[in-house]
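First the structure, in the form of structure tokens, and then the observations on it.
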Amino acid sequence: MNSAKKIEAWFDLFRILVAVALAYVIALIILAIISDDPVFVIGQFITGPFSTFRRFGNILSTMIPIMFTGICMCFVYAINKFNLVGEGAVNLGGCLSACVAIALSDKVPAWLLLIIVLIVGALAGMACSLIPALADQIFHADVCVVSLMMNYILLYVTNYILKYQIKDPGSSITASYKWTSGLKLGNMIPGTSVHFGFLIAIACVVLAAILFYKMSFGYRMRVVGMNPVFAKYIGMPVMATIILAQVIGGAFAGIGGTVQVIGMFQSYQWTSLTGYGFDGLMIAVIARKNPAFVPLSAFLIAYIRTGADIVSRTTDIPPEFVSIIQGIIIVLVAAEMFLSGFKSRLIFNAARKALAQKEGKA
């Protein structure tokens with residue numbers, strides 16, 4: 001029985017790696033067919049992201065925001081309520097954090113201001129995700145539709161705040177006033193764009209994994225996601241669990257917006273949707289709604305995108321090629337039957353071996 005549990009625990013990771021490897025094989029075949037110089041293109045795609053320190057730094061910096069939204073979507077995915085407001089939560093979290101940073105700039109110590117803006121980002125994300133969650137549970141509105149519509153409402157709200165409340169008239173671009181330089185997250189790896197928000201993201205991954213698998217709420221959340229009727233029958237607070245899971249997920253997305261804004265800029269500049277929220281859904285699918293796998297999933301996506309960017313700049317392959325690879329990976333990972341027979345055989349053989357050992361001892 002212990003062997004079967006180990007197989008269950010590690011098979012998802014194995015399945016992800018096999019899916020990625022198979023997607024890469026297919027991608028390399030396509031590259032070989034459509035490129036005039038397939039050997040060079042394939043070499044750039046595979047080894048290019050590791051060819052220089054700066055390029056490897058691009059992988060890590062690309063990972064930072066999508067790790068936060070990946071965690072967010074793990075909570076949403078766990079309860080089978082596809083609240084996609086993480087996109088808007090990133091924007092609103094970053095915008096409101098910028099407002100607070102501008103208002104309190106040089107009035108409080110930088111370390112305290114950092115804590116304040118992270119809390120503001122979390123609260124903004126929680127508020128964003130709460131509205132579709134309540135609409136779903138109370139009014140039975142489609143949470144996916146409501147959240148998608150909210151993303152654009154939140155975009156217009158943040159654009160209004162930026163253009164009419166905090167815009168710096170002296171800036172040559174549409175950007176807010178600058179905040180104190182001490183607030184900017186420092187550069188973690190010299191010569192790259194990797195900032196200390198990476199460590200905040202890893203800390204959030206650890207926190208989410210503990211909440212998922214070491215606390216009673218995580219167990220309730222997973223049971224509700226698998227079978228809400230059974231969860232209600234045994235006395236679990238189904239509605240409260242569904243709403244709270246989405247609110248907690250939104251908090252991580254809001255923090256991600258804050259970290260990205262203060263880590264990469266010294267003023268708020270977003271005038272369109274960032275795409276980080278939708279990337280989070282892809283990360284959660286690849287991670288099989290397990291927060292512990294989010295860094296690996298984010299690394300894979302960041303690596304693919306960095307390689308595709310290098311290929312598009314140095315060869316005749318368009319950057320949209322990355323969408324093909326991402327699509328293949330998602331299809332293989334999301335397909336429930338992919339490698340399911342192999343998993344069943346492993347569990348069966350482990351159970352038979354354990355039974356034989358037990359009978360031998362008897």
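Read-outs: derived from the displayed coordinates by stated rules, not from any lab. Everything numeric here is computed off the predicted structure, so don't read it as measured data. Here Cβ is always computed from backbone atoms with ideal geometry, including for glycine, and neighbour counts include all displayed protein chains.
Simple spin-label estimate for residue 104 and residue 181 gives 2.2 nm between the two label positions (7 Å along the Cα-to-Cβ direction from each Cα). The residues packed around residue 94, meaning those with a beta-carbon under 14 Å from its beta-carbon, carry a net charge of 0 if Lys and Arg are +1 and Asp and Glu are -1. Note on residue 353 and residue 207: the extension gain reaches 48.9 nm, defined as 0.36 nm multiplied by sequence separation minus the Cα-Cα distance. For region 269-325, applying the loop criterion from DSSP together with a ceiling of 11 other beta carbons within 10 Å to the chymotrypsin sites (Phe, Trp or Tyr not before Pro) yields no site. For Cα pairs less than 8 Å apart in space and 6+ apart in sequence, what is the mean separation divided by the residue count of the chain, i.e. the relative contact order in percent? The normalised contact order for the chain reaches 34 percent. Counted residue by residue at 0.36 nm each, then reduced by the alpha carbon distance between them, the extension gain from residue 144 to residue 214 reaches 22.3 nm.
Value of Rg to Rh for region 11-343, rounded to two decimals, is 0.99; Kirkwood radius and Rg both from alpha-carbon coordinates. Work out which trypsin sites (Lys or Arg not before Pro) in the chain are exposed loop sites (DSSP not H, G, I, E or B, at most 10 other Cβ within 10 Å) and give the longest gap free of them. The answer is 215-362.
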